[in-house]
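Chemist: Dropping the structure in here first, questions after.
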């Protein structure tokens, strides 16, 4: 049903399955209600994992009209740990005056 897998013994879900996970919940729903129902669910990130409760807790009090709103809020609330290698792009040259890590070719 949901795309869960084990990560060192913990069950985690991927961000593209958040909408499916909350689709059976009654909306509109507040942040507190979603956190109470799904807050312990772990989301797999590129560099670790985080709970739905931690992510939504940073967003403040909100009212979600549907599963897509929850999904979008979680994506907006994820930190840099979710994106993999920071500042990396294999396609873009640095902009004038921009500094960043040295490009690495694999």
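Quick note: the coordinates plus some simple rules give every number you see, no bench work behind them. Keep in mind that what you see is a predicted model, and the values were worked out from it rather than measured. FYI the Cβ positions are ideal-geometry reconstructions off the backbone, even for glycines, and counts take in every protein chain you see.
Chemist: To the nearest 0.05, what FRET efficiency results for residue 20 and residue 47 with a Förster distance of 30 Å applied to their C-beta separation?
Modeler: Details: r = 24 Å, r/R0 = 0.79.
That pair, residue 20 with residue 47, gives E of 0.80.
Chemist: Can I ask one more? Can you pull the one-decimal nm distance between simple spin-label points at residue 63 and residue 87, each 7 Å off the Cα toward Cβ?
Modeler: Here the answer is 4.3 nm between the modelled labels.
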